[in-house]
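Input: a single structure, listed below in structure tokens.
The values are calculated or read from the model by the stated rules, or taken from the named source; none is laboratory data. Keep in mind that what you see is a predicted model, and the values were worked out from it rather than measured. Cβ sites come from the backbone with ideal geometry, for glycine too, and all protein chains shown count toward neighbours. Ligands, DNA and RNA are excluded from the accessible area calculation, which covers all protein heavy atoms including side chains. Shrake-Rupley method; radii C 1.70, N 1.55, O 1.52, S 1.80 Å.
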Amino acid sequence: MLSTFFVNLCVIISFLYLSGIITKYYSIRLPFPSLRVQLIGGFLFGLYGTVLMNYSFHINDTTIVDLRHLAIVTAAVYLGGLASVITGIIIAILRIVMFGITSAAIDAAFIMILLGLAGVYFAYASWSRLTKIITMNLLGMTMIFIVLLMNTPSMNTLMKVYPIQMTIAFAGGLFIYFIAEFINRSNEMLFLLERRASTDHLTDLSNRRQFEQSLQSELQHARQYHQKLSLLVIDIDRFKKVNDTFGHSAGDSVLKQLGQLLVEHARSTDLVSRNGGEEFAILLLDCGYHQSMAIAESVRKAVARSLFILPDGQTVKLTISIGVAVYPDHCDDHDDNDLFDQADRALYEAKNTGRNRVCSLPPRNITVVDNDSF
């Protein structure tokens, strides 16, 4: 009997580990997981509970005991109410399918569905996860005791099994909590590390590393589908004066506000990044020369008429210079770095001819089709 419940715990721990690997690919950082995550999670935990029934202890020919209810508890606490209900329904159906239609099977199926429905309340209750697991575990074991009492002719036989099941179920609930919390924290740390590796810490825009990866990826896409790809390289004019006059905290505040302004004036499909210091970039997807110049001019004007608020309440006005380059008009089709180099050269042209302007170099390639001409 002890070995059966021990196997149950080992199976649960193994499933939690596998679930932890799967959750790396889904959003688990929201207060409540998405509908898709709950549907998938409910189905998986339903299968987990069903596997536990294969490692059960038989009290008699029709009555078995195991820790399948912990699958419902885990789904409710870590995934949500919908996942809890789905888990309970799957376990209930497969209990009857696997062991036949008997009064014990029907009673057990009913209890699993009822516990799954109760999980909706526990999922959204404002308690700690540990409190939810302990309370829901006790509720499940109480329901199970009632079913066992109804389907076990001898109280002596029941009391030989139930106290052991109750003890291991309680310990198993605590094991689940600590292991699940460890997996949750590990996934959260991995997410933060991945985000920090690709995000500028000051503006929350893409950083230089992410920009370079996006540029290579979008260039490959543009080549494959014969699309235009435009790049705006942006630099704040005389930004050193802001730092020298108002301090670096004021400069940081200006950079944050400018980053937000660029996002607001870019299209929803465009990629905005801070490439270091006061240099930003916007990657305009499926965008030709005339449209990219119009967007760049719109961004330049928006910055010129904006007031940037400093931490002490003062305001300053800024201007920016923008260099524009378009694939394939301005760059070598076989050099991934050439598009950026051409935009950067155009930026220096804007700086050298008076700042606060948009510049591009003469096109190298003559193209028959321009998306902007239609």
Among residues of the stretch 56-88, those that are under 19 Å from Ile183 (Cβ atoms) and in a helix (DSSP H, G or I), counted: 12
I'd like the full set of residues that are within 19 Å of Phe211 (Cα to Cα) and open to solvent by 80 Å² or more (accessible area, probe 1.4 Å), limited to the stretch 335-352. Asn337, Arg345
For the stretch 269-276, indicate whether the set of residues that are surrounded by fewer than 16 Cβ atoms within 10 Å (Cβ to Cβ), in a loop (DSSP other than H, G, I, E, B) and at pLDDT below 95 is non-empty. yes
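Could you pull out the residue among Leu190, Leu158, Leu205, Leu215 that is open to solvent by less than 70 Å² (accessible area, probe 1.4 Å), over 21 Å from Thr135 (Cα atoms), of a type outside the set (Lys, Arg) and touching a strand residue (DSSP E or B) at 6+ places or on another chain (Cβ under 6 Å)? Let's see the steps before the verdict.
Working: Leu190 fails: touching a strand residue (DSSP E or B) at 6+ places or on another chain (Cβ under 6 Å); Leu158 fails: touching a strand residue (DSSP E or B) at 6+ places or on another chain (Cβ under 6 Å); Leu215 fails: touching a strand residue (DSSP E or B) at 6+ places or on another chain (Cβ under 6 Å).
Residue meeting the stated conditions: Leu205.
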If you check Ser3, Ser27, Ser19, which single one turns out to be modelled with pLDDT under 85, assigned to a loop (DSSP other than H, G, I, E, B) and either among the small types (Gly, Ala, Ser) or closer than 15 Å to Gly119 by Cα (or both)? Ser27
Tell me, yes or no, whether the stretch 184-191 has at least one residue that is over 26 Å from Asp61 (Cα atoms) and without any contact (Cβ under 8 Å) to a residue 60 or more places away in the chain. yes
Which of (1) more than 37 Å from the chain's Cα centre (by Cα); (2) under 24 Å from Asp252 (Cβ atoms) does Ser321 not meet, given it meets every other one? (1)
What's the number of the only condition in (1) within 33 Å of the chain's Cα centre (by Cα); (2) at pLDDT below 95 that Asp312 fails to meet? (1)
Take the stretch 133-167 and flag every residue that is of a type outside the set (A, V, I, L, M) and either closer than 17 Å to Leu67 by Cβ or touching a Gly at 6+ places or on another chain (Cβ under 7 Å) (or both). Thr135, Asn137, Gly140, Thr142, Phe145, Tyr162, Pro163, Gln165, Thr167
Does Gly116 count as under 13 Å from Gly49 (Cα atoms), in contact with a Ser or Thr (Cβ under 7 Å, 6 or more places away or on another chain) and open to solvent by less than 30 Å² (accessible area, probe 1.4 Å)? yes
Every residue in the stretch 218-250 that is surrounded by 13 or more Cβ atoms within 10 Å (Cβ to Cβ) and among the acidic types (Asp, Glu), please. Glu218, Asp235, Asp237
Any idea how many residues of the stretch 121-155 are surrounded by fewer than 17 Cβ atoms within 10 Å (Cβ to Cβ), within 18 Å of Ala105 (Cα to Cα) and of a type in the set (Val, Ile, Thr)? 2
Take the stretch 277-291 and flag every residue that is touching a strand residue (DSSP E or B) at 6+ places or on another chain (Cβ under 6 Å), open to solvent by less than 40 Å² (accessible area, probe 1.4 Å) and either small (Gly, Ala, Ser) or not in a strand (DSSP E or B) (or both). Ala281, Cys287
Does Ser253 count as part of a loop (DSSP other than H, G, I, E, B) and either out of contact with any strand residue (DSSP E or B) (no Cβ under 6 Å at 6 or more places or on another chain) or open to solvent by less than 80 Å² (accessible area, probe 1.4 Å) (or both)? no
Criterion: in contact with a strand residue (DSSP E or B) (Cβ under 9 Å, 6 or more places away or on another chain), at pLDDT 95 or above, aliphatic (A, V, I, L, M) and part of a helix (DSSP H, G or I) - qualifying residue of Ala294, Ala343, Ala302: Ala343
Could you grab me the full set of residues in the stretch 30-69 that are open to solvent by less than 40 Å² (accessible area, probe 1.4 Å), modelled with pLDDT under 85 and among the β-branched types (Val, Ile, Thr)? Val37, Ile59, Thr63, Ile64, Val65
Under 28 Å from the mean Cα position of the chain (by Cα) and free of Cβ contacts under 8 Å to residues at least 12 places away in the same chain - does that describe any residue in the stretch 130-149? yes
Can we say Ser230 is in contact with a strand residue (DSSP E or B) (Cβ under 8 Å, 6 or more places away or on another chain), farther than 23 Å from Arg357 by Cβ, modelled with pLDDT of 95 or more and not charged (D, E, K, R)? no
Test result for Leu79, more than 22 Å from Ala171 (Cβ to Cβ) and open to solvent by 30 Å² or more (accessible area, probe 1.4 Å): no
